[in-house]
Amino acid sequence: MFVTNTIVKNTFAFFCRKWDIRLVKEREKKREEEKEEKPKPRSRRERPAKSALSRETVVGAALRILKKEGLEKVTMRSIAAALDTGPASLYVYVQDTRDLHGQILDALLAELPAPKPGKHWRRDLEQVTEAFLDVLMRYPEIARLTMAAAPSGPNALRLFDTLAGLLLQGGATARDAAWGVDLVLAYVTATAVEHGGHHHEDADHLEGIRRALENLDAKTHPNLARLHADLLTGEGLERFRWGLGVLVKGLLRGSKDER
């Protein structure tokens, strides 16, 4: 009986050890598989180097956010996140939000043409102002900011110089060309602020005005009643070009009278 019990115990111990060994091997195999599946942490040396911060990279990141999400999403935090840095590091290149908006506008003005003054100065003036209008219409928030703070970056100065040269070529005096640049820019900006964005709201608003004009009492408002058919005419750039022409003709007539 003793011998039988000993054999049973030894046999049981043998299978237990064999089972333990099998479990250990299976656990080791599972650990190895998990190591292979889990990506190894990348050291700082292996990570791609961040691009060096500069005024251009900061403004470039701001432009990308502007075009994708609008001006309200252009913040120091969103720019810093896009550049994988902290907001505080941006103030080396941007003074504040107002300065940032000015730099954004100046970057957008880089796409504007800059024709040299010549015999086609009037056509060139239309081309430059319409290109400026197109930029502001695409970003009406920027247009509204421009009304409060005139841009002064290198591309803005190039635009001012181009307009001044075209007005001088058209016959404006030095003073009239200088003041005329400001007047032309204000006209373009005001047009963009008035018509940029909210197209559906504008259509509803215009329809309301049209109905009010059609129902005018000719005795109370004789002049508006006479003109109501033309007050809201002019589609697309038609009115803009007309207004620019009136502005420039008046400016040049004044210059001519001064001579």
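The values are calculated or read from the model by the stated rules, or taken from the named source; none is laboratory data. No experiment lies behind these values; they were computed from the predicted model shown. We place every Cβ from the backbone using ideal geometry, glycine too, and count neighbours over all the protein chains shown.
For the residues THR191, THR162, THR129, THR173, the requirement of being modelled with pLDDT of 90 or more, β-branched (Val, Ile, Thr), touching an Asp or Glu at 6+ places or on another chain (Cβ under 8 Å) and more than 21 Å from VAL74 (Cα to Cα) singles out THR173.
Of all the listed residues (LEU23, LEU66), the sole one being modelled with pLDDT under 90 and either outside the structural domain of LEU159 (by TED's automatic domain parsing) or not in a helix (DSSP H, G or I) (or both) is LEU23.
With the structure loaded, tell me whether VAL94 is buried (at least 18 other Cβ atoms within 10 Å of the Cβ), free of Cβ contacts under 8 Å to residues at least 40 places away in the same chain and either among the charged types (D, E, K, R) or within 21 Å of VAL184 (Cα to Cα) (or both) or whether it fails that test.
Details: buried (at least 18 other Cβ atoms within 10 Å of the Cβ): yes; free of Cβ contacts under 8 Å to residues at least 40 places away in the same chain: yes; either among the charged types (D, E, K, R) or within 21 Å of VAL184 (Cα to Cα) (or both): no.
For VAL94, the condition - buried (at least 18 other Cβ atoms within 10 Å of the Cβ), free of Cβ contacts under 8 Å to residues at least 40 places away in the same chain and either among the charged types (D, E, K, R) or within 21 Å of VAL184 (Cα to Cα) (or both) - is not met.
If GLY245 satisfies every condition in (1) over 16 Å from THR191 (Cβ atoms); (2) without any contact (Cβ under 8 Å) to a residue 12 or more places away in the chain; (3) in a helix (DSSP H, G or I) but one, which is the exception? Only one criterion in (1) over 16 Å from THR191 (Cβ atoms); (2) without any contact (Cβ under 8 Å) to a residue 12 or more places away in the chain; (3) in a helix (DSSP H, G or I) is unmet by GLY245, namely (1).
Across segment 228-242, which residue is farthest from GLU130 (Cα to Cα) among those that are in a helix (DSSP H, G or I), over 30 Å from the mean Cα position of the chain (by Cα) and without any contact (Cβ under 8 Å) to a residue 12 or more places away in the chain? Before the answer, list the steps.
We begin by selecting, within segment 228-242, every residue in a helix (DSSP H, G or I); these are 228-231, 238-242.
Right, trim to over 30 Å from the mean Cα position of the chain (by Cα) and you get 228-231.
Subset that is without any contact (Cβ under 8 Å) to a residue 12 or more places away in the chain: 229-230.
Values: ALA229: 27, ASP230: 23 Å.
Out of the qualifying residues, it is ALA229.
Taking segment 144-169 as the range and being over 21 Å from LEU108 (Cα atoms) and either free of Cβ contacts under 8 Å to residues at least 12 places away in the same chain or out of contact with any Leu (no Cβ under 6 Å at 6 or more places or on another chain) (or both) as the test, the residues that pass are GLY165, LEU167, LEU168, GLN169.
Scanning segment 113-138 for residues that are touching a helix residue (DSSP H, G or I) at 6+ places or on another chain (Cβ under 7 Å) and within 16 Å of LEU63 (Cα to Cα) yields VAL135, LEU136, MET137.
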